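Input: a single structure, listed below in structure tokens.
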Amino acid sequence: MTENTKNTSIWDAGGFGDEDLTELALQENAILNVRKLVGEISEMKGRPLTACVRSFGCQMNARDSEKLSGVLLRCGYLLTDDEDADLVIFNTCTVRDTANTRVYGRLGQIHHFKKSRKDMIVCICGCMPQAEGAAEEIHRRFPFIDIIFGTHNLFRFATLLYEKLSGGGAGKNGTVIEIWKDTQQIVEGLPVRREYPWKSGVNISFGCNNFCTYCIVPYVRGRERSRSPREIIHEIERLSEDGVIEIMLLGQNVNSYGNDIPGGMRFPELLARAAEVPGIERVRFMTSHPKDLSDELIDVMAGSPKIADHLHLPVQSGSSRVLHVMNRRYTKEDYLALVERIRAKMPDISLTTDIIVGFPGETESDFLETLDLVRRVRYDSAFTFLYSVRSGTLAADMPDQIPHEIAQERFDRLLTEVQQIANETIARHVGKTMTALAESTDPKEPGMLSGRLGNNIMIHFPGPADRIGTMVPVRILKQHGFYYTGEIAE
Ligand code: SF4
């Protein structure tokens, strides 16, 4: 296995460091080599080779899958949704132990395909093999997998694929395994195949420095590394030229963007600049750690109509004691004060959150603090999670793990509260005219379009299919739980 801990300087305003140019050239060369082999195999088979990329994780994971798809397309593969393909990649998540179990289950099905097609190539990558000892475990349990790689060296996929196709691979059955322990490297300029023509994620930083005690991310995505602002804005400009009108800036904690670039640009300025790119009509971002959300960011959001009227602000718990044990580094009072500052400048903003119920040591009174916070903030929606042990995190070894029945009972109470409040709060927009990005037609109801409003709520309305991929003014006529129905307001 390869370990990479070298420090590559990419922070200078110039964008590409020399080493990155070399790495990009290396990968482009590997793509050409794979393309040649794919062409030869394809000629032998008398048909194009197919590839299927499956994403199992968050928006960062989905964006990584778009990069893998871009490389595969450039290598000459035909992308398909069918896992019975010539090449399959499982881009995995490891946020909970159950996520691993899901992937293991799917690998059984892939093994079945592979038995009848010996030359099928199966790859597994992403957060799961990146976790300590996981790659060895995967290789031991599923020796038929051809390529195993992690998050830090995703950009080396073409090289690893070439190694496999040209007969390499030092593992049992010729498996190519490459896991880097860490990296400071960001390689710009590799191909990307976007899932939607009109919207795109844009990575602004990778990794996280926060070490919340329940979270595996800092261990599998490494320390925070910010992309150069120049590269980010260039990417957004290129996306806009290519027809993208909505972007989502992505980072594990966007609010600490740039902290690793001495004297460099911070998130509020980056966000303002992103919103100024001609052709971009809406900018979203995710995720915001409350401890790092600045007043400057609130001002930028309030001052730009292009920045979506939505803020996802994970609170995780309403108990300051639990927040301390979670290592969130804010208290319930800090969070409520922050919400007050946000609403003072943006009274109508849609606030959403994540909440974990049943964290080790959570008492009934801690839980009541969470319920109290939910009642005071009145979120437009909340993702509620039952705490589940993630091995490798500090919380996994904490005493006082909460019995499942108690956690489940609290979870149910919280869910009822959250749903009732959300129903009431999102009703405030009925009768208003807002802008939706029309994204699809409803196969069950021809003539109906589905779109997402700036506040992140879905709306369904009658309209022609040629409006898909455009911003449409819509009048909100009715609320149905968590979505609206409406009509075009022109
Ligand atoms: S901020 Fe906390 S929860 Fe979010 S990715 Fe970092 S460690 Fe995980």
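The values are calculated or read from the model by the stated rules, or taken from the named source; none is laboratory data. Because the structure is predicted, anything quoted here is derived from the model rather than measured. Here the Cβ positions follow ideal geometry from the backbone for every residue, glycine too, while neighbour counts run over all protein chains shown.
Structural remarks
- Test: residue in the range 238-259 that is over 26 Å from residue 456 (Cβ atoms) and either of a type in the set (Gly, Ala, Ser) or touching a Ser or Thr at 6+ places or on another chain (Cβ under 9 Å) (or both): yes
- Matching residues in the range 329-354 - criterion: being within 18 Å of residue 414 (Cβ to Cβ) and touching a strand residue (DSSP E or B) at 6+ places or on another chain (Cβ under 6 Å): 351, 352, 353, 354
- Test result for residue 474, among the β-branched types (Val, Ile, Thr), surrounded by 20 or more Cβ atoms within 10 Å (Cβ to Cβ) and more than 24 Å from the chain's Cα centre (by Cα): yes
- Residue in the range 93-112 that is of a type in the set (A, V, I, L, M) and under 22 Å from residue 196 (Cβ atoms) present: no
- Unique match (being under 27 Å from residue 452 (Cβ atoms), within 16 Å of the ligand (Cβ to nearest atom) and in the same structural domain as residue 413 (by TED's automatic domain parsing)) among 290, 347, 314, 360: 314
- Condition check for residue 352 on (1) more than 28 Å from residue 398 (Cα to Cα); (2) within 16 Å of the ligand (Cβ to nearest atom); (3) free of Cβ contacts under 8 Å to residues at least 60 places away in the same chain: one failure, at (3).
- Residue 342 over 25 Å from residue 426 (Cα atoms) and touching a residue at least 12 places away in the same chain (Cβ under 8 Å): no
- Checked against (1) under 24 Å from residue 293 (Cβ atoms); (2) touching an Asp or Glu at 6+ places or on another chain (Cβ under 8 Å), residue 390 meets all criteria but (1).
- Within the span defined as the range 160-171, every residue fails to be touching a Pro at 6+ places or on another chain (Cβ under 7 Å), in a loop (DSSP other than H, G, I, E, B) and buried (at least 16 other Cβ atoms within 10 Å of the Cβ).
- Within the range 190-211, residues that are farther than 17 Å from residue 249 by Cβ reach no partner that is within 14 Å of the ligand (Cβ to nearest atom) and part of a strand (DSSP E or B) with beta carbons closer than 8 Å at six or more positions or on different chains.
- Filter pass, residue 279 being away from the ligand (no atom under 16 Å from the Cβ), under 19 Å from residue 225 (Cβ atoms), not assigned by TED's automatic domain parsing to the domain that holds residue 377 and not in a helix (DSSP H, G or I): no
- Pairs linking a residue in the range 30-53 that is within 21 Å of residue 83 (Cα to Cα) to a residue that is of a type in the set (Phe, Trp, Tyr), with Cβ atoms under 7 Å and 6 or more positions apart or on different chains, are 34/162; 38/77; 49/77; 50/77; 51/77.
- Residues of the range 35-56 that turn out to be closer than 14 Å to residue 120 by Cβ and in contact with a helix residue (DSSP H, G or I) (Cβ under 7 Å, 6 or more places away or on another chain), as a count: 2
- Inspection of the range 192-208 finds no residue satisfying the criterion of being over 24 Å from residue 59 (Cβ atoms), surrounded by 21 or more Cβ atoms within 10 Å (Cβ to Cβ), of a type in the set (A, V, I, L, M) and at pLDDT 90 or above.
- Residue check, residue 75 among the hydrophobic types (A, V, I, L, M, F, W, C), in contact with a helix residue (DSSP H, G or I) (Cβ under 6 Å, 6 or more places away or on another chain) and surrounded by 23 or more Cβ atoms within 10 Å (Cβ to Cβ): yes
- If you go through the range 87-140 and keep only what is out of contact with any strand residue (DSSP E or B) (no Cβ under 9 Å at 6 or more places or on another chain) and in a loop (DSSP other than H, G, I, E, B), you end up with 95, 117, 118, 119, 131, 132, 133.
- Some residue of the range 424-433 being in a strand (DSSP E or B), within 30 Å of residue 376 (Cα to Cα) and either modelled with pLDDT of 95 or more or in the same structural domain as residue 283 (by TED's automatic domain parsing) (or both): yes
- Filtered residues of the range 433-480 (kept if in contact with a helix residue (DSSP H, G or I) (Cβ under 9 Å, 6 or more places away or on another chain), touching a residue at least 60 places away in the same chain (Cβ under 8 Å) and of a type outside the set (A, V, I, L, M)): 455
- For the range 318-328, the set of residues classified as touching a residue at least 24 places away in the same chain (Cβ under 8 Å) and over 26 Å from residue 248 (Cα atoms) consists of 318, 319, 320, 321, 322, 325, 326, 327, listed by residue number.
- Test: residue in the range 141-148 that is at pLDDT below 95 and not in a loop (DSSP other than H, G, I, E, B): yes
- Of the candidates 367, 359, the single residue that is over 27 Å from the mean Cα position of the chain (by Cα) and crowded, with 20+ Cβ neighbours inside 10 Å is 367.
- Counted residues, the range 325-342 - those being in a helix (DSSP H, G or I) and either aromatic (Phe, Trp, Tyr) or within 16 Å of the ligand (Cβ to nearest atom) (or both): 5
- Of the residues making up the range 439-490, those that are assigned to a loop (DSSP other than H, G, I, E, B) and not aliphatic (A, V, I, L, M) number 12.
- The lone exception for residue 389 - which of (1) in a helix (DSSP H, G or I); (2) among the β-branched types (Val, Ile, Thr); (3) more than 15 Å from the ligand (Cβ to nearest atom) it fails: (1)
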